[in-house]
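Engineer: Attaching a single structure in structure tokens format; questions to follow.
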Ligand code: NAD
């Protein structure tokens, strides 16, 4: 479903009229393409407080001065109290206006110190700062906060945040820990980091899952496209195009895990739980069957297959699990008690399993939480609700499946071993649910 309003505001008369009427002003986002693999221009590095961070370890080109930067990285890890917080304002106030359209502001923060409430207050303040700047900056520019301790372990994350691949990710707080022992370091070819790896995408025959399969294949993975037997033809079409294989299987089958393990005797590196359904009804009108079918596809099957593939050792060391939550699971949504419960359950699963899966199996577990994404699912929403859903975010537009796919690819990257237990919203900083 094309976003005609976005096209209209991209024209001279459209911009003039919508400005006069005080209507939202979306800017067409600059997404990744083979012709535009990076955002052209300088990346400005600023500092607030006294920092010990050695950003040379990220291998990124950062410069201390730039007239019209495409990105600003503000190292605020040394902000320890309200006084040094002033330096955040002093650093960004003069340059924020000059950041290019579709540019990036990335604030680097430190973990909160439980033994120093002044440091904790000042570092937490960076969250409110980031989210507020994200809401006001406009022109397709994004603002995110990255808490880190080891810049080398955050390399893949910073590359992603500063690239066109993160076009629809704004107002987020991400945490990157120290590199785990299983980490093999940055991939040999950063443009095809998944070379030699196998990735399985559930619900990969269409929509977001199809985009995920495409993006992981672009990054070098051999993909297995799993979908229900009724969608086998579509799954096969996607798999053939990407040089992968299709697996016709209902993920809710009790033996789904065993059948995946059987189909992948050489093991699996990336497991993307994308299959999902909605069966909306207000709770008063919701029959038990609608409740249980949604819980079964969106949550129970994710728990069952993850357990089975970890236990069987099909998921190899250095592996990645990426599950799919939703902002409806974070903020709640009328008519979606079943869906909201299932997607919130994913968040619980990720938070609990991530540290154990990493310690015991060398596998990271994260989730993406899409906001309003232009797919068949959202095309079915009535016009006015759909239009509100599209605009109610800082970028004033819906995302596209590839936005979720790029985020998944970053989490699946072998260099992202230090990203674990995160729920990453891909929502253009939706106004729903902070
Ligand atoms: P979609 O309906 O277009 O595609 C879902 C795919 O999953 C389909 O190919 C379907 O056949 C498959 N599937 C459903 N049940 C299955 C089962 N039992 N076994 C195997 N495959 C099954 O949906 P989409 O919009 O691409 O959404 C993908 C995921 O993203 C879902 O988990 C959804 O809840 C989530 N999500 C989507 C949005 C959005 O705006 N579109 C927002 C938040 C979250």
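Nothing in this text is a laboratory measurement; each read-out follows from the coordinates by a stated rule. Predicted, not measured: the structure shown is a model, and the values here were computed from it. With ideal geometry, Cβ positions are generated from the backbone for all residues, glycine too; neighbour counts draw on all protein chains shown.
Engineer: Based on the Kirkwood radius over alpha-carbon pairs, what value in µm²/s does the Stokes-Einstein equation return for the translational diffusion coefficient of the chain at 4 °C and 1.567 mPa s?
Structural biologist: The estimated diffusion coefficient comes to 58 µm²/s.
Engineer: Based on Cα positions only, what radius of gyration and what Dmax would you give for region 90-243, in angstroms?
Structural biologist: Every Cα atom of region 90-243 included, Rg and Dmax give 19.5, 59 Å.
Engineer: Residue 300 to residue 68: FRET efficiency via 1/(1 + (r/R0)^6), r the Cβ-Cβ distance, R0 45 Å, to the nearest 0.05?
Structural biologist: For residue 300 and residue 68, the calculated efficiency is 0.30.
Engineer: Per Stokes-Einstein, at 25 °C and 0.890 mPa s, what whole-number D in µm² s⁻¹ belongs to region 31-176, with the Kirkwood radius over Cα pairs as the hydrodynamic radius?
Structural biologist: In µm²/s, the coefficient rounds to 162.
Engineer: Multiplying the sequence separation of residue 89 and residue 17 by 0.36 nm and subtracting their Cα-Cα distance, what value in nm do you get?
Structural biologist: Taking residue 89 through residue 17 to full extension adds about 22.5 nm, to one decimal.
Engineer: So, one more: Among 175, 136, 406, which one shows the highest mean-square fluctuation when the chain is modelled as a Gaussian network with alpha-carbon springs under 10 Å?
Structural biologist: Greatest mean-square fluctuation among the candidates belongs to 136.
Engineer: Return one number: the angle in degrees, 0 to 90 and rounded to the nearest 10, between the long axis of the Cα atoms of helix 207-218 and the longest principal axis of the Cα atoms of the chain.
Structural biologist: 80 degrees
Engineer: In addition: As a test of the formula, what do you get for the chain when each DSSP H run with n ≥ 4 contributes -39,500 (n - 2.57) and the sum is divided by the residue count, at 222 nm and rounded to the nearest 500 deg cm²/dmol?
Structural biologist: Theoretical 222 nm ellipticity from helices: -11000 deg cm²/dmol.
Engineer: On to the next question. Specify the residue with the greatest mean-square fluctuation among 35, 83, 232, computed from a Gaussian network of the chain linking alpha-carbon atoms under 10 Å apart.
Structural biologist: 35
Engineer: Calculate the FRET efficiency for residue 118 and residue 188 from the Cβ-Cβ distance with a Förster distance of 45 Å, rounded to the nearest 0.05.
Structural biologist: Using R0 = 45 Å, I get an efficiency of 0.55.
Engineer: Nearest 10 degrees, 0 to 90: what angle lies between the long axis of helix 337-361 and the longest principal axis of the chain (Cα atoms)?
Structural biologist: 80 degrees
Engineer: Among DSSP beta bridges whose residues both lie in the chain, state the antiparallel percentage, nearest 5.
Structural biologist: Counting only bridges with both partners in the chain, antiparallel ones make up about 5 percent.
Engineer: Here's something else I'd like to know. Run the numbers for residue 293 and residue 28: contour at 0.36 nm per residue of separation, minus the present Cα-Cα distance, in nm.
Structural biologist: This chain segment gains 91.6 nm when fully extended.
Engineer: Which shape class applies to region 198-426: rounded if a/c is under 1.5, otherwise prolate when a/b exceeds b/c and oblate if not, where a ≥ b ≥ c are the square roots of the Cα gyration tensor eigenvalues?
Structural biologist: In terms of gyration-tensor shape, rounded.
Engineer: A further question follows. Kindly express, to the nearest 10 degrees and within the range 0 to 90, the angle between helix 401-412's C-alpha long axis and the longest C-alpha principal axis of the chain.
Structural biologist: Once rounded, one gets 90 degrees.
Engineer: Okay, moving on. Take the Cα atoms of region 88-141, find their three principal axes, and give me the spread along each one in whole Å, biggest first.
Structural biologist: 40, 19, 15
Engineer: Okay, next question. Find how many whole Å separate the alpha carbon centroid of region 21-77 from the alpha carbon centroid of region 169-238.
Structural biologist: Result: 25 Å between the Cα centres.
Engineer: Can I ask one more? Where the centroid of each part is defined by its Cα atoms, how far is region 269-321 from region 89-124 in Å?
Structural biologist: Their Cα centres are 36 Å away from one another.
Engineer: Note the full-extension length gain between residue 356 and residue 241 as 0.36 nm times their separation in residues minus their Cα-Cα distance, in nm to one decimal.
Structural biologist: 37.7 nm
Engineer: Comparing 39, 85, 21, which has the greatest mean-square fluctuation in the GNM of the chain with Cα pairs linked when under 10 Å apart?
Structural biologist: So, out of 39, 85, 21, the one fluctuating most is 21.
Engineer: Over region 78-171, what is the mean sequence separation of C-alpha contacts under 8 Å (at least six apart), divided by residue count, expressed as relative contact order in percent?
Structural biologist: Relative contact order, region 78-171: 33 percent.
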